[in-house]
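So the structure is just underneath, and the comments pick up after that.
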Amino acid sequence: ADSFDHKRFFEIVGLKSKSSDDVKKVFTVLDADNSGFIEEEELKFVLKGFAKDGRDLTDKETKAFLKAADKDGDGKIGIDGIYKHINPAVNVQVPL
């Protein structure tokens, strides 16, 4: 618990080397309610989306991840927030 590093997470799962279509597919899986955003409750379970024995993030980890990827401070992460972590030098707006 409290050892999750969102930057390292994206390196480990290899999203940096994936196509934009693959990144969109991952985003769609994490967006459990299909709202077009990953909200705090969905983010808490992000590790389970990548490994069946993945643990839930702690509240502290979830809030830190959300803060880092929430570009506009609305409490949810759009696909552009995911791209921000994959390649911080690129500012993209990707429609779903």
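The values are calculated or read from the model by the stated rules, or taken from the named source; none is laboratory data. Model, not experiment: these values are computed from the prediction. Note that we place each Cβ from the backbone using ideal geometry, even for glycine, and neighbour counts take in every protein chain shown. Remember, those area values only see protein heavy atoms, side chains included, never the ligands or the DNA or RNA. Shrake-Rupley method; radii C 1.70, N 1.55, O 1.52, S 1.80 Å.
Kindly establish whether V29 is touching a residue at least 12 places away in the same chain (Cβ under 8 Å), of a type in the set (A, V, I, L, M, F, W, C) and open to solvent by 30 Å² or more (accessible area, probe 1.4 Å).
On the way: touching a residue at least 12 places away in the same chain (Cβ under 8 Å): yes; of a type in the set (A, V, I, L, M, F, W, C): yes; open to solvent by 30 Å² or more (accessible area, probe 1.4 Å): yes.
Criteria met by V29.
Yes or no: region 52-61 includes at least one residue that is at pLDDT 90 or above and aliphatic (A, V, I, L, M).
Initially, region 52-61 is screened for residues at pLDDT 90 or above, giving 55-61.
Then keep just the ones that are aliphatic (A, V, I, L, M); that gives 57.
Yes, region 52-61 contains a residue that is at pLDDT 90 or above and aliphatic (A, V, I, L, M).
List pairs: first in region 50-64 and open to solvent by 40 Å² or more (accessible area, probe 1.4 Å), second at pLDDT 90 or above and among the polar types (S, T, N, Q), Cβ under 9 Å, 6+ apart or cross-chain?
Here the result reads D56/T62, each pair linking region 50-64 to a residue that is at pLDDT 90 or above and among the polar types (S, T, N, Q).
Can you report the number of residues in region 70-88 which are aliphatic (A, V, I, L, M) and modelled with pLDDT of 85 or more? Lay out the reasoning, then the answer.
Step one: list which residues in region 70-88 are aliphatic (A, V, I, L, M), which gives 77, 79, 82, 86.
Next cut, modelled with pLDDT of 85 or more only: 77, 79.
The number of residues fulfilling the criteria is 2.
Say we look at region 1-25 and pick out the residues that are of a type in the set (A, V, I, L, M) and either within 18 Å of G54 (Cα to Cα) or without any contact (Cβ under 8 Å) to a residue 40 or more places away in the chain (or both); which of these is least open to solvent (accessible area, probe 1.4 Å)?
L15
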